[in-house]
Every structure is written in structure tokens, then in C-alpha cells.
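Enquirer: Right, I'll just put the structure down here and ask away after.
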Amino acid sequence: MESGKQQTPRETVKSLSTPQILLPKGTILMDTLNQRWVLLEEFGKGGHGVLYYAHREEGNKQKPYVVKVEPKSNGPLFCEIHFYIRVLKNNDESDVTKSRRAFKCRHSLKYLGVPSFVAHGVHKTTSVDYRFLVIPYYPGGDLQHNIDQNKTLLRETVGRIAISLLYSLQFIHEAGYTHGDIKATNILLSENNEKVYLADYGLVHRFRSQDRQRPVYKEDPKNKHNGTREYMSRDAHKGVVTPMPRGDLENLGYCLVHWLCGRLPWFPGMKKPEAIYTKKVCFFANLVQQLDSCFSPKVTPSEILHYFQYVASLEYDQDPDYNKCRKLFLTALGEKTDTGPLFCATTSGQVDLAPPAEIAGVLRGAVVASTKGVEKKGVQELNVKR
């Protein structure tokens, strides 16, 4: 489906101004386990910090990592680091790794699209202290780069990405967290574009405590519009104190529409968060009409309409049926499950997605398997003080 080059929402509302971080190439960072990391080139800046390539001072210098650096006084990286430690730490003996392994086994997955935690620490200079996080390097870059380069994503492409991301979201939701900022720049691709990873947990929020009590719906004006305005959920616009999984599913839905047709009813064009929120309320009140307007002159994909109808039916504290959502996209894919790299040129000059073998073969059986009756093991609460 051709849409021309998409405009890219890259700002987050309420994001801090990008600090000036002066760490030259060759700077040595020491993590909490006294491992030393050598910074290479800076390759990206976000609303909160700076990204560098890096490698271990000792060991394989050809194997790069990514180091995310922010001033220690910033909050987002602090939250992200402790989310990684609690949920994504990669240690064969840790409960976190066992939980990830159990999830993959339960759903017959060969990979789960969330990055692994590598290391973290604090780097002190004469002027300012920096907090840093080390994660694996993903050679495929982010999804937005592929969208910018290829200008369009086909229906099959978006469906397969949606299936992978729904597994990623289910995993972090079952651990008691919401993501809060799903967008193409936060989705990373592996080498040869064979796997999709949901990254950037700076706006992660813990919604389930150790006693697993359900949160009470409450709004706080100070929390309003926190996230990327084009894709954030209506709950995020309203400043709901405890974001819930339904917000992430709504966030994902907006991304899917944008990737498919290159526009949303409020984007491009609208900048004021209140006006965008009003448009989203109208969007859910008239789903068929609004989606048809987005996809015109073509027809709205049935899985997109049914996905939004399901999201609209979710109560604030209701656990989503991820299996049902994945099945919508898998059914729409039909037999288009060839293996190969994610992005490959077609004869029309568009870009198609050939799914990884995990999605092509295994997911067809995994998606239809019921998850009812499976006990969800909560993660232990860690009392971490900044």
C-alpha cells in the first residue's frame, strides 16, 4: 500500500531537552561489576540522553554494544535500568531469565522480541555525573529507518510485526509493567532483519504491585499527555496515574494504521495535545468511518478494524486477550508466511516482510493455543532508592 514518505513523530511531550553530553570517543566507563567499556562513535540523541557504540575493553572488540548515557539527575534512564534488572536481566540462574524461558516455552517461541540487559553504572566527571546502560547492538537499526528508506509497509509486513510486538507486550505486561511509548524508532531489527525487538523503556510504569492488587482509576493533571502525542493512548492524554495494558494496545494500534497508510486523523497537522486527544475520542466513537477515511481510497484491513473494536471493549483494569489479537493478524496473513529477511524488495519497488521462521512456522500453532488457566508468576517487588 503506497503512502509516500511518512512524516515521523520523534518528539515526546514533556520530554526533557536533550542535554549536552561531552564524552569523547575513547572514554572508559566502568560498570557496577567493574567491567570497563570503551565508548566509540555517538550515533543518536533522544529527548533525554545520547547513544554511543561501545565495546568491552577486554575481549572481542569486534562485537559492538550500545551505551545509553544520561545525566544522573534524569529520571527516565533510572527507571529503564531498574526495569531491565527486574524483567530483562540475562543470567541463566536468575528468576528473570527463568521467567523469559518459561514464556518462550509456553508459547513455543524461538525468540522473544525484548532486548537483554548487559550492564549499567555511573560515570563521574568534574562537572556532572552520568548514568549509563549497556544493551546489545542490533545491526538492522530501528524500524523508522526502514520506513523512511522504503516509504511504505505492506499489510503483510505490519501484520507480522504486530504479532511479534504483541508477544513482547504480553511478556512485559505479565511482569507487571506497561511500555508507554511504542513507535517505530523504539523497535529494533536484528542482523539480516530477521527479528523485531521492542526497546526504550524510559516511560515504563509498574501497574501491578507485589500483592497483585488492582489499581484504582485516577487522573492527575500533572501526568497529562506524557509520551509521544501522535501515538499515546487516551488514558495517557488524560493523565491516568497508573497506565494499564489497554493503553499499550491502543498505542500499538495507532502505529499499525500509520505504518499501513502513512497518516492518522490527527497526523500530520495537529500539534496541540488537547486537540489530538479530542480527535482520538472521535476516532473511537466512529471507528468504521474514521478508519475508512485513513485508508481511502482503499479498503480498511479487516484485522485493523477488529483489533480497534476489541481495544475499545477493554475495561481499564482488564487483562487483554493477546491470543485473540494475534489470531486476527495471523488469519489475515493466510498462507503468506514465506521465510526470509524482514525487509526485501519486490518487483513493484515496494517493500515486503518475509517473516522469521519463528513467526512463519511456530506461531501458527502457538497463536491458536489457549492461554487460559496458565498461572502468571508475578515478579518480586524490589525496593530501589535513587
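The values are calculated or read from the model by the stated rules, or taken from the named source; none is laboratory data. The shown structure was predicted, so the numbers you read here are calculated from the model rather than taken from an experiment. Cβ sites come from the backbone with ideal geometry, for glycine too, and all protein chains shown count toward neighbours.
Enquirer: Look through Lys271, Lys238, Lys222 and report the one residue that is more than 23 Å from Ile304 (Cβ to Cβ), among the charged types (D, E, K, R) and within 22 Å of the chain's Cα centre (by Cα).
Expert: Just one listed residue meets the conditions, Lys238.
Enquirer: A further question on this structure: Name the one entry in Thr178, Thr185 that is touching an Asp or Glu at 6+ places or on another chain (Cβ under 6 Å) and over 30 Å from Leu39 (Cβ atoms).
Expert: Testing whether each residue is touching an Asp or Glu at 6+ places or on another chain (Cβ under 6 Å) and over 30 Å from Leu39 (Cβ atoms) leaves just Thr178.
Enquirer: Of (1) at pLDDT 95 or above; (2) in contact with a Leu (Cβ under 6 Å, 6 or more places away or on another chain), Thr157 satisfies all except one. Which?
Expert: Every condition holds for Thr157 apart from (1).
Enquirer: Could you identify the single residue in Gln170, Gln213 that is among the polar types (S, T, N, Q) and without any contact (Cβ under 8 Å) to a residue 12 or more places away in the chain?
Expert: From the options Gln170, Gln213, the qualifying one is Gln213.
Enquirer: Next question, about the same structure. For the stretch 128-150, enumerate the residues that are hydrophobic (A, V, I, L, M, F, W, C), closer than 25 Å to Tyr84 by Cα and surrounded by 17 or more Cβ atoms within 10 Å (Cβ to Cβ).
Expert: Within the stretch 128-150, Phe132, Leu133, Val134, Ile135, Leu143 meet the criteria.
Enquirer: Next question, about the same structure. Please go through (1) at pLDDT 95 or above; (2) surrounded by fewer than 22 Cβ atoms within 10 Å (Cβ to Cβ); (3) among the polar types (S, T, N, Q) for Ser164 and return the number of the only condition it doesn't satisfy.
Expert: Here Ser164 clears every test but (2).
Enquirer: Please pick out the residue among Gly141, Gly227 that is of a type outside the set (S, T, N, Q), out of contact with any Lys or Arg (no Cβ under 9 Å at 6 or more places or on another chain) and at pLDDT below 95.
Expert: Gly141
Enquirer: If you scan the stretch 126-151, which residues turn out to be more than 17 Å from Gly46 (Cβ to Cβ), in contact (Cβ under 8 Å) with a residue 60 or more places away in the chain and polar (S, T, N, Q)?
Expert: Asn146, Asn150, listed by residue number.
Enquirer: Sticking with this one: Among the residues of the stretch 195-208, is there at least one that is without any contact (Cβ under 8 Å) to a residue 24 or more places away in the chain and touching an Asp or Glu at 6+ places or on another chain (Cβ under 9 Å)?
Expert: no
Enquirer: Go over the candidates Lys195, Lys222, Lys238 one by one and state the one that is within 30 Å of Pro139 (Cβ to Cβ) and surrounded by fewer than 22 Cβ atoms within 10 Å (Cβ to Cβ).
Expert: After applying the criteria, what remains is Lys195.
Enquirer: Among the residues of the stretch 47-72, how many are over 17 Å from Tyr138 (Cα atoms) and in contact (Cβ under 8 Å) with a residue 40 or more places away in the chain?
Expert: 5
Enquirer: Moving to a separate point now. Inspect all residues belonging to the stretch 93-113 and state whether any of them is aliphatic (A, V, I, L, M) and exposed (fewer than 15 other Cβ atoms within 10 Å of the Cβ).
Expert: yes
Enquirer: For the stretch 32-50, give me each residue that is within 18 Å of Phe117 (Cα to Cα) and either surrounded by fewer than 17 Cβ atoms within 10 Å (Cβ to Cβ) or in the same structural domain as Asn223 (by TED's automatic domain parsing) (or both).
Expert: Thr32, Leu33, Asn34, Gln35, Arg36
Enquirer: Those residues that are within 17 Å of Leu260 (Cβ to Cβ) and in contact with a Gly (Cβ under 7 Å, 6 or more places away or on another chain), I need them from the stretch 119-157; list them, please.
Expert: Lys151
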